[in-house]
Amino acid sequence: MPRFVIKRTLGDISDEELHGAAVHSKEVREEQFPELTWDHSHVVKADGGLVSYCIYDGPSAEVARAHAQAAGLPADEVFEVHTDIDPAEL
């Protein structure tokens, strides 16, 4: 199954708001998009606030975008992962 990186510009939100958005995203995914698997997210501080890079497995970028819209989350950019490089395997 394809893997995607989704960039979400979240802005100046609190950790409580971030947690609430994550919980809501998980609920929407479980109820409406069971074909998606949320692996994990990296949240970074950037100019203008927080930005997350979320890793999902799913059938298509369109499904990932539909989930974001249903969850009320941005999906600024969606990239399909070409390959992974694991330094432990080098």
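What follows draws every value from the coordinates through simple rules; no lab data is involved. Predicted model only: the values in this text are computed from it and were never measured. Reconstructed Cβ throughout: ideal geometry from the backbone, glycine too, with neighbour counts over all protein chains shown.
As a summary of the residue check, I85 satisfies the conditions (1) surrounded by 13 or more Cβ atoms within 10 Å (Cβ to Cβ); (2) β-branched (V, I, T); (3) out of contact with any strand residue (DSSP E or B) (no Cβ under 6 Å at 6 or more places or on another chain) except for the one numbered (1). Run down S25, S52 and say which single residue is at negative phi, touching a Lys or Arg at 6+ places or on another chain (Cβ under 6 Å) and either among the polar types (S, T, N, Q) or loosely packed, with under 15 Cβ neighbours inside 10 Å (or both). S52 is the lone residue from the list that is at negative phi, touching a Lys or Arg at 6+ places or on another chain (Cβ under 6 Å) and either among the polar types (S, T, N, Q) or loosely packed, with under 15 Cβ neighbours inside 10 Å (or both). Taking region 61-90 as the range and being hydrophobic (A, V, I, L, M, F, W, C) and in a helix (DSSP H, G or I) as the test, the residues that pass are A61, V63, A64, A66, A68, A70, A71, A88.
Quick check on region 55-70: of everything there that is in contact with a helix residue (DSSP H, G or I) (Cβ under 6 Å, 6 or more places away or on another chain) and among the small types (G, A, S), which residue is surrounded by the fewest Cβ atoms within 10 Å (Cβ to Cβ)? Among residues in region 55-70 that are in contact with a helix residue (DSSP H, G or I) (Cβ under 6 Å, 6 or more places away or on another chain) and among the small types (G, A, S), the one surrounded by the fewest Cβ atoms within 10 Å (Cβ to Cβ) is A70. Within region 39-52, being assigned to a strand (DSSP E or B) and closer than 18 Å to E17 by Cβ holds for S41, H42, V43, V44, K45, A46, G49, L50, V51, S52. Do the conditions hold for H24, that is, is it closer than 15 Å to R3 by Cβ, in contact with a Gly (Cβ under 9 Å, 6 or more places away or on another chain) and assigned to a helix (DSSP H, G or I)? Against the criterion (closer than 15 Å to R3 by Cβ, in contact with a Gly (Cβ under 9 Å, 6 or more places away or on another chain) and assigned to a helix (DSSP H, G or I)), H24 does not qualify. State all residues of region 2-20 that are closer than 21 Å to F79 by Cα and either in a strand (DSSP E or B) or free of Cβ contacts under 8 Å to residues at least 60 places away in the same chain (or both); if no residue qualifies, say none. Within region 2-20, R3, F4, V5, I6, K7, R8, T9, L10, G11 qualify. Looking only at residues in region 35-90 that are among the β-branched types (V, I, T) and without any contact (Cβ under 8 Å) to a residue 60 or more places away in the chain, the one that is farthest from K7 (Cα to Cα) is I85.
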